[in-house]
Structures are given as structure tokens and as C-alpha cells.
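Participant: One structure is given below, represented as C-alpha cells, and several questions about it will come after.
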Amino acid sequence: MSTEVKYEPVIGLEVHAQLLTKSKIFSTSSAAFGGEPNTKADPVCLGLPGVLPVLNKQVVVFAMRMGLATNCSVAPISIFARKNYFYPDLPKGYQISQFEEPICEHGHIDVELESGRKRIGITRIHLEEDAGKSVHAESFVASDETLVDVNRCGVPLIEIVSEPDIRTPHEAYLYLTQIKQIVQYLGICDGNMEEGSLRCDANVSVRPVGRERFGVKTELKNMNSFRGVEKALEYEIERQTRLIEGGGEVVQQTLLWDADRGEAIAMRGKEDSHDYRYFTDPDLVPVKISSTWLDEVRESLPELPTARKGRFVSEYSLPAYDAEVLTDDRHVADYFEQLAEVCGDPKAASNWVMVEVLRQVKESGGGIRDFEVSPAALGKLIKLVQKGDINLKTGKAVFAEMATTGADAGDIIAQKGLAQISDAGELAGQVREVLQQNPGEVAKFKAGKEQVIGFLVGQVMRATGGKANPKLVNEILREELAR
């Protein structure tokens, strides 16, 4: 019995991406993550008297790249504003951001659902500086004490604001996944939610199905993973629905997601734009982008994940699933393409990367750029398997040792005597011995039980220490059994 759906959620996401510049947005101090607290501050990001901000040009280029990659229009003129609010980790008492005239507007990305492709609009992408960080730790003298680390103050951000086009938590997850892929492919952000370089706030409301007017929205913060965003949205949608059905009213407020408890906790009443008293920053001139500069940035864009996925299917004849897995990470996609060129077999390269390489990378705890086995080295191993010098099982064992020691495949095979036995005469002797030892299985095969051949092949492989050529063993077995 189906349950009628009475309410639908309306979701909009605000994604903050820290840009991978060496210095901060308006000063020359380091924008790198980490370090001892309060060692990367400078007079500009602290707002000390008499200092002036100077815009980092690379920040503008990165914002342009993201705007073009998400089908936005890039404004020829954009303006910085001061967003005024008090918080302990905001030394100046205001944040330099963009408000009425952002650098990018009116874009979109498409996500793939089971029901087909869905377009999610992007309202705007604007530049701003990051705030500091309040640190709460039980190691302090007072367990309820909070300290402030201003290292993050002034780190450049882009904020990507979606249209309220998202209707399910899963759609939100797919949208975020694609945003992360795009910023990583562009090389403008590492996309690490755990370190805070990619952060997401979610605005969510529910309304009766069929109604155009939005319900009262709440804002969810403090989600440090894409699955966390999905779970937080599921929680808040259910909470709002229960509240409305019970005759209550949703209050506009900001909620903090507690992943350990699996619930959202009210933080404060949600602010509107007028609460921040925006006004044009008097210390910064408008950002002017010429058509020539914009064309230069457009020509520098790399192949983006959606296009690369399509090319992997058309150029390499890979299944859509393989292409999706391989293009999830730009560096994995690069590794695959180099491997496919070396071994000359794209499907074999895909299988090795998806199964063996990604498993080893995961176990090592690093990334594929730190992986010990280069595409050239793995390509050499795959060729040895294809030529029949070693069988696939042995090849996987050799690969595991290569990943651990960095040794050459040929050296490992030679040192351990792993070369595949493909001498028909030698294998025929092993086959006859196995048949003599298993008369019952021979009788079963001759009685029509074809699956017995697998057992007999296995016995020969065991007798040869796994070094026999399984295809040749199968052929010899059938010849002997036919007599």
C-alpha cells in the first residue's frame, strides 16, 4: 500500500571553497592550511589601523575559472562590500565580501538521477575572505573555554550559491559531489571537507506538494562530509514535516548539525541581508574584467569531469560505470590514461586501476599522486600477463609487492621464479598425474558433468605452485579426457 506524499522539501546550498593561492586575498601572508595558531596573521587580515587591502589577482582568475566551468556569466565589473557582524574570530568586525554585484551569476550544473538528467541553477558565485576559527578543547584549563586562531583570517574563498532547485537530500549529495569534482579539476581548491577547505551550509524548507510559495526556511551548518549533509537534510526535512503536521510553525533559525547525536541544535535566529548592513568597501576599487582577459582564462580551462567521462566512453569504449569511477578524481583519470597508452588495452587498464590500484591506494592512506607504482611500471606488468609470461593471479601478487617495495615487475618475477609454465610437454605430465589421482572426478566429467573441469584445472595449478598457464592446462585436460 503506497503512502501519499503530502510535502516536498525545497533545498538551496551555499558552498564555500577555499582557493589554492599561496597568499591571502588581500595580503601577502601564507594561505596554507595548518601551522601553529596565530602564526599566519598580518596587519591587513587583523584590520589594524592604517593598513589597506590589496586584491590578489590569482583569486580573481580562480573565480573566473569556476564561473566559466559552471556556465555562469562573468561580470565585467564587480564590487567588494563590507559585511558587518560581530564574532570573536572576526577581528575587523566585518568581512570583505561581494553582495549586490558579484563576479559570477546565472549558471547551472546538471546532475544524473535515475529518472534522468536534472539541471540545478547557480544564483551567483562571489569572492570573499575567510574568518578565523574558534577552538574549543577539553585540554584548556577551563573545559568551557574558547580560544581564537586567526591563521584562517583572509584566506580567499568563493561562495557558490545554488538556486532552490534541489528537492531531495540525494540530489544535494550529487550536486556537492560535482562541485567538488569541478574545483579539483580546475585546480582551484583541494575539496577537503575535513580540513574545512570545502564547506557547505544548507537552506531547507518544506511545503505542501503543488504549492509554489516556499515555506519558512532554516539554515543547517557544521556538516563536515557530503554524507553528513545528506543525513542532516533528512533529519531537518522530517523535523519540519512533523512540526507542520502537528499544527506547529517552523521558525527561521540557524541550526548546528551534531553528527554524533544525529540531530540539529538551534544556534540563533537566522539573519537576513539587512542584518549585515552591507556597504561598498571604501578601500577597494571595482574589479574590472576585459573580454580579452576572460577569453584567456576560458582557453586555459582543462577538460572537465562530465566531458572527460563522455570521452572515456566514446574514445576507449569503456562502460559508463568504469568512466564514472575513473573520472571521479582528476589524478586517477590521468593515471588511467597514461596506463592505457602504455599497455595498449584500455579495458585492461580500467580493470587494474579500479580494482588493484585504488585498493592499494586506499590501504596506503595516501593519494594516487603518492602511489609507488607508476603507470609505466604497471603497464609493463600488464604486458607480461597479456603475453602469458605470468598468469593473472601471479600478476596481482607481483603488483602487491611492487606497491610495497617499489621493485620492478621483471626483477620480482626473476628473483622468485614466478614465470608462467607454458611448456606443453611439462604441463601434459602434470595433467596426467592429476587425472590418475582423481579417477572419480574423471568419471564424473565423462558422465557429462562439465563443471568438473574447473576442479581439475585447480589441481594442476596447485601442483605447479600457481605458475601453470591455465588456458593451456584447460586445453591439455580436455585432450586427455577425450581419449
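The values are calculated or read from the model by the stated rules, or taken from the named source; none is laboratory data. Everything numeric here is computed off the predicted structure, so don't read it as measured data. Please note: Cβ atoms are built from the backbone with ideal geometry, for glycine as well, and neighbour counts cover all protein chains shown.
Participant: With respect to P43, is the statement that it is at pLDDT 90 or above and either over 20 Å from T280 (Cα atoms) or assigned by TED's automatic domain parsing to the domain that holds A307 (or both) true?
Facilitator: yes
Participant: Only one of L256, L243 is more than 30 Å from K57 (Cα to Cα), in contact with a Lys or Arg (Cβ under 6 Å, 6 or more places away or on another chain) and aliphatic (A, V, I, L, M). Can you tell me which?
Facilitator: L256
Participant: What's the number of the condition V355 fails, among (1) surrounded by fewer than 13 Cβ atoms within 10 Å (Cβ to Cβ); (2) at pLDDT below 90?
Facilitator: Status for V355: all satisfied but (2).
Participant: On to the next question. Could you check H108 against (1) crowded, with 18+ Cβ neighbours inside 10 Å; (2) assigned to a strand (DSSP E or B) and say which number it fails?
Facilitator: H108 satisfies all of (1) crowded, with 18+ Cβ neighbours inside 10 Å; (2) assigned to a strand (DSSP E or B) except (1).
Participant: State all residues of the stretch 226-266 that are of a type in the set (A, V, I, L, M, F, W, C), assigned to a strand (DSSP E or B) and surrounded by 14 or more Cβ atoms within 10 Å (Cβ to Cβ); if no residue qualifies, say none.
Facilitator: L255, L256, W257, A264
Participant: Among the numbered criteria (1) assigned to a loop (DSSP other than H, G, I, E, B); (2) surrounded by 14 or more Cβ atoms within 10 Å (Cβ to Cβ), which one does P302 miss?
Facilitator: Tallying (1) assigned to a loop (DSSP other than H, G, I, E, B); (2) surrounded by 14 or more Cβ atoms within 10 Å (Cβ to Cβ), P302 fails exactly one: (2).
Participant: Same structure again: For the stretch 330-398, give me every one of the helices (runs of 4 or more DSSP H) that falls completely inside it and has 1 or more residues that are over 23 Å from the mean Cα position of the chain (by Cα).
Facilitator: Here the list reads 330-343, 346-351, 375-387.
Participant: Still on this structure, I have one more. When you scan the stretch 50-91, how many residues do you find that are touching an Asp or Glu at 6+ places or on another chain (Cβ under 9 Å) and assigned to a loop (DSSP other than H, G, I, E, B)?
Facilitator: Number of matching residues: 9.
Participant: Could you look through the stretch 144-175, keep only residues that are assigned to a loop (DSSP other than H, G, I, E, B) and of a type in the set (D, E), and pick out the one that is surrounded by the most Cβ atoms within 10 Å (Cβ to Cβ)?
Facilitator: D165
Participant: Determine which member of the set Y173, Y185 is of a type outside the set (V, I, T) and under 30 Å from K57 (Cβ atoms).
Facilitator: Y185
Participant: So, in the stretch 208-225, of the ones that are of a type in the set (S, T, N, Q) and in contact with a strand residue (DSSP E or B) (Cβ under 7 Å, 6 or more places away or on another chain), which residue ends up surrounded by the most Cβ atoms within 10 Å (Cβ to Cβ)?
Facilitator: So the residue we want is T218.
Participant: Right, another one. Looking at this structure, is L318 surrounded by fewer than 16 Cβ atoms within 10 Å (Cβ to Cβ), part of a loop (DSSP other than H, G, I, E, B) and at pLDDT 95 or above?
Facilitator: Criteria not met by L318.
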